[in-house]
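Every read-out reported here was derived from the displayed coordinates using simple, explicitly stated rules and does not represent laboratory data. Everything quoted here is computed from the prediction, not taken from an experiment. Cβ sites come from the backbone with ideal geometry, for glycine too, and all protein chains shown count toward neighbours.
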Amino acid sequence: MKFLITGGAGFIGKWVVEKLPSDAEIVIVDSLDAQVHGSSIDFEPELKSRAKCIKADIQNIELYTDLIEGTDVVIHLASQTGTGQSMYEMSRYIQQNVNGTAKLLELVSKLKRKPHRMILSSSRAVYGDGAYTDGQKILYSCKRRLEDLQNGVWEVCNDQNNILKSLPMHEDHLTNPTSVYGLTKLWQEQLMQNYCESQSIDLVSLRFQNVYGPKQELSNPYTGIIGIFTNAIAQGNSLELFEDGLVTRDFVFVGDVADAVVECALYQAPLSSTINVGMGQAVTLIDVVETISEIVGKPANYTISGRFRVGDVRHAIADMSHYEALLGSWSPTSLKDGLVQYLEWYLDQKPVSHETLQASFQEMERTGLLLSKQG
Ligand SMILES: NC(=O)c1ccc[n+]([C@@H]2O[C@H](COP(=O)([O-])OP(=O)(O)OC[C@H]3O[C@@H](n4cnc5c(N)ncnc54)[C@H](O)[C@@H]3O)[C@@H](O)[C@H]2O)c1
């Protein structure tokens with residue numbers, strides 16, 4: 001089988017390439033974006049030995065039509081991925097993520113033989129704040145008011161100031177992104193759905209939660225909170241936890257995510273579905289920091305700053321029942337086991353300077369997106 005992987009030189013892409021069958025023919029199109037790959041101008045030798053690697057922006061993908069002809073499955077991973085950054089570099093995110101996807105579809109429309117399946121790496125960001133309940137009904141668009149955040153009221157409340165309960169994100173829930181990044185991921189889903197339906201191409205949109213694990217670029221300060229925490233703890237630097245440190249996320253190990261992508265890529269029957277991919281468990285940021293600290297064997301010097309990022313969601317966790325109904329049981333790697341694997345890899349990497357991260361925070365402060373609790 002022939003696979004086209006856009007963004008195949010990135011974190012998740014490298015794992016997908018590794019997990020595809022050894023006889024698969026693979027073409028990678030990746031711009032080797034400097035924010036992700038630093039000064040690297042060429043693909044890593046392991047990728048070059050396994051795949052035909054094309055260095056190009058997907059907005060120019062039509063130049064490579066001949067090399068892509070005959071593709072059976074497209075795995076579309078190329079995207080700009082910084083949620084916070086997307087709030088002040090809107091046009092770049094829209095260009096690369098939305099226009100890039102449109103250009104990919106234009107290319108597919110010109111192929112003599114169409115792929116039978118396309119897989120999109122979407123994101124939990126499409127759900128925005130997600131769904132809440134007051135114990136009786138499902139509630140959407142339960143936004144945290146700026147004045148509440150400034151007063152240190154972190155949980156989502158109803159008009160009577162009662163705390164609402166967050167629900168696991170389900171594929172049937174309303175999509176309502178709170179960031180430009182989230183909007184671009186939703187537009188990617190909709191563009192691909194629109195095109196694939198018209199051409200009877202089997203589309204699988206996978207909505208990933210927070211992915212972590214070995215091979216995640218450490219030098220990109222806009223993504224990968226586990227890398228940021230690990231850097232600080234391993235180097236003995238102080239660490240800032242936003243809000244009250246009790247924000248929850250669903251951290252899913254990259255090997256499990258790549259398994260899900262490959263499972264869908266090779267699935268024999270049509271899937272035509274949108275599917276969550278998370279560990280299915282919510283963890284507080286304090287728990288994450290303390291687990292990393294225990295594995296590294298160094299204390300975590302963290303402060304709970306009361307600062308907050310505008311647009312951040314309070315809780316995120318995937319409901320994995322749809323995945324299990326379609327594809328069978330889901331047994332994800334535990335956070336502790338995943339972090340042990342991550343730390344083994346991390347210790348062989350060049351440490352990243354504390355200043356890189358601070359600069360990204362300063363950028364958010366300058367643009368009014370990182371605020372402090374008052375008083
Ligand atoms: N990592 C996560 O936690 C996470 C969570 C949800 C969704 N996702 C999605 O999964 C996909 C892969 O994420 P990742 O963590 O591997 O990110 P990554 O930044 O490591 O990889 C993305 C790759 O795409 C390339 N790229 C970016 N823009 C491009 C363009 N216009 N043309 C060609 N190549 C381009 C980059 O050079 C990079 O190699 C993305 O679509 C992202 O939105 C990731």
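Which value in Å does the Kirkwood hydrodynamic radius of region 41-87 take, with 1/r averaged over all unlike C-alpha pairs and then inverted?
It works out to 13.2 Å.
On the principal axes of its Cα set, how long, how wide and how thick is region 181-226? Give whole Å, largest value first.
40, 21, 15
Quick check: residue separation of L327 and I304 times 0.36 nm, minus the Cα distance between them. What number comes out in nm?
Value of the extension gain: 4.2 nm.
Take the Cβ-Cβ distance between T133 and T284 as r, set R0 to 22 Å, and report the resulting FRET efficiency rounded to the nearest 0.05.
The value I calculate is 0.65.
D172 versus N151, label points 7 Å from Cα toward the beta carbon: distance in nm?
3.6 nm
For K112 and S22 in the same chain, what is the full-extension length gain: residue separation times 0.36 nm, less their Cα-Cα distance, in nm?
29.8 nm
Neighbouring Cβ atoms within 10 Å as the yardstick, rank I61, I28, I286 fewest first.
I286, I61, I28
Please check: in the Gaussian network model of the chain (C-alpha springs, under 10 Å), which one of K55, K215, K112 has the largest mean-square fluctuation.
In the Gaussian network model the winner is K112.
Round to the nearest 0.05 the FRET efficiency obtained for N161 and S238 when R0 = 30 Å and r is the Cβ-Cβ distance.
0.35
Round to the nearest 0.05 the FRET efficiency obtained for K373 and V340 when R0 = 41 Å and r is the Cβ-Cβ distance.
The pair K373/V340 has a calculated efficiency of 0.75.
Taking a cut-off of 27 Å between Cα atoms, list the lysines near K165, but don't count ones fewer than 8 places away on the same chain.
Answer for K165, where 27 Å is the Cα cut-off: K137, K143, K185, K336, K373, listed by chain and number.
Could you give the spread of the C-alpha atoms of region 278-345 along their three principal axes, from largest to smallest, in whole angstroms?
43, 34, 16
For the pair E294/Y88, report the inter-label distance in nm, with labels modelled 7 Å from Cα in the Cβ direction.
3.7 nm
Can you check what the net charge comes to around A125, using other residues whose Cβ is under 10 Å from the Cβ of A125 (Lys, Arg +1; Asp, Glu -1)?
Computed value for this residue: +3.
Two-decimal Rg/Rh of the chain from alpha-carbon positions, Kirkwood Rh?
0.95
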